[in-house]
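Colleague: Would you mind keeping the following structure in view while I ask a few things?
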Amino acid sequence: MTCEILVLYYSRHGAVRHMAQLVARGVEQVAGAAARVRTVPNVSAVTEVRAPAVPDAGAPYVELKDLVECAGLALGSPTRFGNMAAPLKAFLDSTSELWLKGSLAGKPAAVFTSTSTLHGGQETTLISMMLPLLHHGMLIVGLPYTEPELTLTTSGGTPYGASHTAGPASDAALTEHEKKLCIAQGRRLAEIAVKLSA
Ligand SMILES: Cc1cc2nc3c(=O)[nH]c(=O)nc-3n(C[C@H](O)[C@H](O)[C@H](O)COP(=O)(O)O)c2cc1C
């Protein structure tokens, strides 16, 4: 049976979307694992207008059943003032039905982020993303220093999760170290999910 990992992200300028693709690539490197890539709709002050059910481009919007059906979760968000972005938080706030049933308890989860600046809150954002997952009883999977890029990087990459420093215009490409850490994170999460599902 294939062990599916939900790679769920929000991205406005594309950096976290690129990271999600690399995390998914890492998942797919593991025998018996597959990535299910999903995103969330934007939120705005105008709540009367709903986003179309299917996005114009990119990954489909996530549904609660994706969380239930998948054996693990990789969650990605750009930083917003050192915290996760509202669209992702809004989706997580809609998961109380799953929390009541304990649907996610015991499943492994990992987090990744992108910031403009080097010290602009990568760690705080990653930790803010872990909090609701811990309430759900998920098992947080970090990135160990056995990944050499974690020591070598001079931009993104943390033991709490993969990260990227996108620069003042939010357009810097991911470095080779950042890319390898995204792939390593997906691979590690999938390896653990496959073992737990066995
Ligand atoms: C409202 C808002 C708040 C932000 N807060 C921060 C911040 O606290 N620190 C930082 O370095 N970048 C901050 N940024 C920049 C984004 O996190 C950064 O550009 C990120 O790489 C965007 O990811 P994306 O390309 O996936 O949309 C902020 C951007 C916006 C729009």
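Yes/no matrix, rows are residues, columns are (1) within 24 Å of Leu131 (Cβ to Cβ); (2) open to solvent by less than 20 Å² (accessible area, probe 1.4 Å); (3) part of a loop (DSSP other than H, G, I, E, B):
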| position | (1), (2), (3) |
| --- | --- |
| Met1 | no, no, yes |
| Val16 | yes, yes, no |
| Ala20 | yes, yes, no |
| Arg25 | no, no, no |
| Ala31 | no, no, yes |
| Val37 | yes, no, no |
| Gly58 | no, no, yes |
| Val68 | yes, no, no |
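Colleague: Could you run through segment 74-91 and say how many residues are more than 9 Å from the ligand (Cβ to nearest atom) and either within 11 Å of the chain's Cα centre (by Cα) or not small (Gly, Ala, Ser) (or both)?
Modeller: Residues meeting the conditions: 7.
Colleague: Cβ-Cβ below 6 Å, separation at least six or inter-chain, first residue in segment 1-23 and more than 6 Å from the ligand (Cβ to nearest atom), second among the basic types (Lys, Arg): which pairs?
Modeller: Hits for this filter: Glu4/Arg36; Leu6/Arg36; Leu8/Arg38; Leu22/Lys179.
Colleague: Return the pairs, sorted by first residue and then second, in which the second residue is at pLDDT below 95 and near the ligand (Cβ under 8 Å from one of its atoms), the first residue lies in segment 104-132 and is assigned to a loop (DSSP other than H, G, I, E, B), the beta carbons are less than 6 Å apart, and the residues are 6+ apart or on different chains.
Modeller: Hits for this filter: Ser116/Ser170.
Colleague: Oh, and also: Looking for something touching a Pro at 6+ places or on another chain (Cβ under 8 Å) and within 16 Å of the ligand (Cβ to nearest atom) - is there at least one such residue anywhere in segment 51-61?
Modeller: Scanning segment 51-61 turns up at least one residue that is touching a Pro at 6+ places or on another chain (Cβ under 8 Å) and within 16 Å of the ligand (Cβ to nearest atom).
Colleague: Continuing with this model, one more query. Just for segment 161-178: of the residues that are open to solvent by less than 60 Å² (accessible area, probe 1.4 Å) and away from the ligand (no atom under 11 Å from the Cβ), which one is farthest from Leu75 (Cα to Cα)?
Modeller: Residue satisfying both the conditions and the ranking: Thr175.
Colleague: Same structure again: Kindly indicate the residue of segment 70-103 that is in a loop (DSSP other than H, G, I, E, B) and open to solvent by 60 Å² or more (accessible area, probe 1.4 Å) and also farthest from Ala15 (Cα to Cα) among those meeting that condition. Give the derivation first.
Modeller: Here is the first cut: in segment 70-103, the residues in a loop (DSSP other than H, G, I, E, B) are 70-71, 81-82, 85, 93-95, 102-103.
Still in the list and also open to solvent by 60 Å² or more (accessible area, probe 1.4 Å): 81, 93.
Values: Phe81: 17, Asp93: 24 Å.
Per the stated criteria, the residue is Asp93.
Colleague: Given the condition within 13 Å of Arg12 (Cβ to Cβ) and at pLDDT 95 or above, answer yes or no: does some residue in segment 48-67 qualify?
Modeller: no
Colleague: Taking the residues in segment 143-157 that are surrounded by fewer than 18 Cβ atoms within 10 Å (Cβ to Cβ) and either within 18 Å of the chain's Cα centre (by Cα) or in a loop (DSSP other than H, G, I, E, B) (or both) as candidates, determine which candidate is nearest to the ligand (Cβ to nearest atom).
Modeller: If we take residues in segment 143-157 being surrounded by fewer than 18 Cβ atoms within 10 Å (Cβ to Cβ) and either within 18 Å of the chain's Cα centre (by Cα) or in a loop (DSSP other than H, G, I, E, B) (or both), then Ser155 is nearest to the ligand (Cβ to nearest atom).
Colleague: Is it the case that some residue within segment 109-132 is within 12 Å of the ligand (Cβ to nearest atom) and of a type in the set (Phe, Trp, Tyr)?
Modeller: Yes, the conditions are met somewhere in segment 109-132.
The values are calculated or read from the model by the stated rules, or taken from the named source; none is laboratory data. What you are looking at is a predicted structure, and each value in this text was computed from that prediction instead of being measured. Positions of Cβ are backbone-derived with ideal geometry, glycine not excepted, and every protein chain shown enters the neighbour counts. With ligands, DNA and RNA removed, areas are computed over all heavy atoms of the protein, side chains included. Shrake-Rupley method; radii C 1.70, N 1.55, O 1.52, S 1.80 Å.
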